[in-house]
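So the structure is just underneath, and the comments pick up after that.
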């Protein structure tokens, strides 16, 4: 399949442009918000953990409902509404800072509300991609999307470091606010009509639709395995990410510039992983490729655990993070494509919502755990605990039939949508999963 086909697909290009711009803006915030909390608002380890907890809590509280809404209603308005809500919320932070009224409590409230709006947006956005692209184009589409996301993150991290240094952390958030405006504008320009969603009303009906989505995912060997792998990986990363910025900024004495540059350089690894995912899938198969990525991930934590202040360790941490993000992007792009390919269209939103609920919803529990370990035993101990937890997703995938999956599925959409499209056959045993990848391209 010629990659140029996707660049001639106007609606896909608009979708990618909007989402990638938003990622760049969020990457500015990923530098500015920790710096704002830790350095300018003097947040303690416990307060940093609480901020992380509030940021992740909406995935647990509203993801399932967001997925059901994405299957019930047109997805574009949900995407646009989520972007505009994030725009307004973010603007309150530099405004409060301009009047010297910004507090840690306001930062936490905005983080929670923005994350809630983002969950609604993301549930619709991820479920919307299979509407734009034929299933034979999904892996390439996800691969290019992931690569551009990584480049956007690199640019955003570097821009974030520069803006924090030049303007201060609060004003730097204006770049993220503008990115949401650009994302909303791009989404309004997409003209491909969506299939009309079924007309349903009533709270009880919404609950039954949520329950149907949960049953759908856990009845399917492939969806269940990938969802549990993502969830356990997310919990481990939640422990690590809660104290990661604090560790680099306070104990390893990273400057804002070094912090942003390490994150930006590492994002190039994510780009390489996303773009190379289709080729690696063809060479070794999606199962072995994802398994290898999970093996390498805990190994890349070792430089961080033994590091001390100094430029050489900053370089080593950046290199290790590059490899880690390369693995994450290659595996993430592949597993998302598999899930989209085998899920019937009317359940795309709920399938993704179940994954988000378990994946993102595990992180609110990871944040207080990391905070407690960091407070009682030191931040390095929390990092050690997170590294050990990275072995759990490896065990989940290695214990499943997916470990030997040699080709992406070519499962047709289930018109009725009454059962998972591949639920009756374990993933590695389904002959449809062993078709040659080259036929898709």
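The numbers here are math on the coordinates, done by the rules we state, and not lab data. Fair warning: this is a prediction, and the values are worked out from it, not measured in the lab. Glycine also receives a Cβ, built like all others from the backbone with ideal geometry; neighbour counts cover every protein chain displayed.
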Proxy reagent accessibility, fewest Cβ within 10 Å first, across 299, 373, 190, 306: 306, 299, 190, 373
FRET E, pair residue 8, residue 61, Förster distance 51 Å, beta-carbon r, rounded to 0.05: 0.80
Residue with peak Gaussian network fluctuation, the chain [Cα springs, cutoff 10 Å], from 131, 222, 359: 131
Relative contact order %, region 161-264, counting alpha carbon pairs below 8 Å whose residues are six or more apart: 40
Relative contact order of the chain, pairs being alpha-carbon contacts under 8 Å that are 6 or more residues apart, as %: 27
Cα gyration tensor shape of region 222-266, rounded if a/c is under 1.5, else prolate or oblate by comparing a/b with b/c: oblate
Three-way shape call for region 266-333 based on the alpha-carbon gyration tensor, with the a/c threshold at 1.5: prolate
Most mobile of 69, 95, 369 in a GNM of the chain (Cα contacts under 10 Å): 95
Computed [θ] at 222 nm, helices only, for the chain once each DSSP H run of length n ≥ 4 contributes -39500 (n - 2.57): -26000 deg cm²/dmol
Cα gyration tensor, region 154-256 - rounded (a/c under 1.5), prolate or oblate: oblate
Most fluctuating residue given options 318, 378, 332, as computed from a GNM of the chain linking Cα atoms under 10 Å: 378
Linear extension gain, residue 219 paired with residue 302, 0.36 nm per residue minus alpha-carbon span: 26.2 nm
Neighbour-count order for 31, 392, fewest beta carbons within 10 angstrom listed first: 392, 31
134, 220 arranged by Cβ crowding within 10 Å, fewest neighbours leading: 134, 220
Separation of the residue 375 and residue 106 label points, Cα + 7 Å toward Cβ, nm: 2.6
